[in-house]
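**Q** Below is a structure I'd like to ask you about.
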């Protein structure tokens with residue numbers, strides 16, 4: 001029986017590692033179930049005190065293993081790198097006083113095209129219909145303020 005407790009505890013910790021690298025809750029749920037079985041078997045064989053100690057030990061071990069795995073993962077795993085707001089803002093500064101065309105109705109926000117580039121814009125005042133000629137009157141960080149020409 002002691003070997004089965006050790007088996008379920010080790011399998012639970014190993015499944016935590018697998019969950020960190022292949023997220024999706026399946027391995028996490030199996031890890032939780034395996035560790036729960038280890039705690040229940042400890043309770044049945046040794047009583048309440050050792051079962052609580054087993055539970056605490058498994059929680060600490062799972063936390064340490066998860067933290068170690070998390071630190072070892074490369075930054076941005078599974079996602080594309082995104083440019084920072086400052087690089088976007090610097091890029092948008094080049095659109096100051098440029099003329100383009102509204103692609104959607106701006107009421108007051110919508111989509112516009114400047115030199116073949118699709119951007120989000122906000123109308124300075126009122127509503128601007130789709131397909132109208134517009135000009136960038138102000139660049140506020142990552143926001144473009146436009147006016148109908």
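**Q** Pairs, please: C-beta under 7 Å, at least 6 apart or cross-chain, first residue farther than 12 Å from residue 62 by Cα and in the range 16-45, second exposed (fewer than 14 other Cβ atoms within 10 Å of the Cβ) and modelled with pLDDT under 95?
**A** 41/1; 41/4; 45/1
**Q** Go over the candidates 51, 29 one by one and state the one that is under 30 Å from the mean Cα position of the chain (by Cα) and either assigned to a helix (DSSP H, G or I) or at pLDDT 95 or above (or both).
**A** 29
**Q** Additional query: Evaluate the range 116-132: report whether one residue or more is closer than 26 Å to residue 23 by Cβ and at pLDDT 90 or above.
**A** Step one: filter the range 116-132 for residues closer than 26 Å to residue 23 by Cβ, giving none.
No: zero hits.
The values are calculated or read from the model by the stated rules, or taken from the named source; none is laboratory data. Note that the structure is predicted; figures quoted are calculated from it, not measured. Positions of Cβ are backbone-derived with ideal geometry, glycine not excepted, and every protein chain shown enters the neighbour counts.
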